[in-house]
């Protein structure tokens with residue numbers, strides 16, 4: 001699933017009824033999760049955060065901009081924050097399984113629609129900018145609402161979409177794509193704001209003013225301050241004192257966590273604190289964080305400890321939380337702080353059932369879930385066992401020679417485990433799509449043709465899902481053989497069971513492939529699918545024979 005975050009800023013922070021009308025328009029769009037609404041009275045501005053799949057996010061953003069243009073009036077707006085429109089800015093942020101380039105395209109689609117349908121001038125900014133001087137939002141917003149009518153007349157500042165004339169009520173909107181911003185605070189064992197501020201100047205990208213040998217500030221020939229750049233790129237930082245906790249903190253915005261990840265900011269803060277005789281006691285996240293950012297931290301610390309990273313996601317997150325001290329000031333709940341967990345779409349309903357509930361569902365008279373889902377489950381169990389053998393091997397002194405091999409095996413085992421877990425639900429969903437296709441009306445020739453095409457496509461999809469299970473189980477078989485060959489010999493029986501489960505999963509899924517082919521009219525598709533399935537099964541059978549020989553040899557040694 002592709003997940004996009006959208007963070008529109010609206011020029012209203014005092015009238016909660018108007019804010020609710022706007023957020024209700026966002027929530028009304030199917031598939032959207034409204035994560036946060038943060039109004040500010042002094043700034044007279046509200047920052048809204050919502051996430052969803054790309055098309056849903058575009059629709060929600062459009063409805064929000066349309067509603068804001070209806071209920072807000074820029075001619076009456078005053079506040080401390082710079083602004084130029086009812087919807088002042090609307091950025092798209094890639095969160096999961098989507099690239100920045102794709103988010104740029106999303107921003108362009110929305111900008112065109114806003115310009116065409118709402119007649120609001122739109123500037124593209126950040127990664128979406130059409131010109132270099134439009135990347136920086138401050139440049140785009142320069143002059144603010146009061147100066148926009150004149151600014152739009154300048155050919156250099158014609159909007160990217162929409163009219164060249166200011167919409168006096170709605171103003172101007174900036175739409176773009178940017179990286180995820182992580183708001184991150186590091187806790188110090190001091191109450192000195194001065195120490196925290198001094199550290200901030202050394203770590204933030206902008207750095208501090210340079211001084212000469214006499215300690216005086218240096219300026220260039222034009223009188224501009226000369227700066228000494230800080231340690232961390234894409235980091236903004238200040239030091240402050242928090243009365244609630246009675247400690248000083250480094251407050252940071254990581255504007256590109258892929259270049260300066262959270263753990264790098266934490267470790268640099270620790271180093272700078274030690275140089276000043278203070279200590280970092282922990283840290284906290286303000287708002288949400290992408291799953292990958294927290295996993296990167298956990299993997300970093302596991303590698304520092306020379307431990308396996310081929311472990312469950314939950315365990316990697318635990319290491320990250322403890323290593324960063326994210327529970328120093330208050331409990332850290334991944335379900336509340338990680339975006340993907342907030343949305344709750346990591347797995348489908350079947351994969352998250354308890355074992356007894358799944359068995360009950362399986363045993364009912366409905367045809368789904370059925371053999372396809374069970375085959376995916378069998379393969380996932382095999383992958384989990386292979387990963388277990390890896391983790392019982394990695395880190396042991398007598399197995400140092402196979403550390404890298406077992407590390408890779410563990411990572412691949414975890415990935416296959418998750419992939420096959422998802423296929424449990426995908427198999428059942430594919431069957432339901434076939435049933436829905438058969439329920440389509442067929443009153444006339446056109447309806448009949450559309451129904452037949454829908455049935456054909458649904459059956460091909462329902463065939464491809466178990467075929468994906470066959471292929472994944474073949475990969476699990478390879479891992480099981482490696483685990484038996486190079487893994488901890490005390491767990492060789494577990495490696496053998498992993499292979500037996502993979503074999504059962506592959507052959508079970510193949511039965512679903514074959515039976516579904518009987519409902520497909522495309523002979524080329526059927527022949528290709530049947531041939532590929534038979535080739536994979538032959539390889540799986542050969543691998544199982546080799547695996548059994550290895551396992552029996554070690555068990556009887």
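Structure data summary
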quantity	calculated
Fraction of alpha-carbon pairs over 18 Å apart in the stretch 126-219 - percent	65
Ranked 301, 341, criterion: other C-beta atoms within 10 Å, fewest first	341, 301
Of every Cα-Cα pair in the stretch 355-555, the percent that sits beyond 27 Å	38
Angle in degrees between helix 403-438 and the longest Cα principal axis of the chain, rounded to the nearest 10	80
Equivalent ellipsoid semi-axes - Cα gyration tensor, the stretch 2-110, angstrom	24, 14, 12
Three principal axis lengths of the stretch 2-50 [C-alpha, angstrom, descending]	36, 17, 13
Long-range tail of P(r) for the stretch 182-343 (Cα pairs > 22 Å, %)	46
Whole-Å distance, taken between Cα centres, linking the stretch 440-504 and the stretch 105-174	49
Cα convex hull of the stretch 463-524, projected area averaged across orientations, nm²	4.3
The chain: radius of gyration and largest Cα-Cα distance (Dmax), Å	28.6, 91
Within the chain, helix-based [θ] at 222 nm, where runs of 4 or more DSSP H residues each add -39,500 (n - 2.57), nearest 500	-17500 deg cm²/dmol
Stokes-Einstein D (µm²/s) once Rh is taken as the Kirkwood radius of the stretch 250-300 over alpha-carbon pairs, at 37 °C in 0.692 mPa s	277
Crossing angle, helix 313-324 versus the chain [Cα axis fit, 0-90 degrees, rounded to tens]	40
Between helix 193-203 and the chain: long-axis angle, C-alpha atoms, 0 to 90°, nearest 10	70
Whole-Å distance, taken between Cα centres, linking the stretch 262-304 and the stretch 359-382	42
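Values quoted throughout were computed directly from the atomic coordinates according to the rules given, and no laboratory measurement underlies them. Given the structure is predicted, the values throughout are model-derived calculations rather than measurements. Positions of Cβ are backbone-derived with ideal geometry, glycine not excepted, and every protein chain shown enters the neighbour counts.
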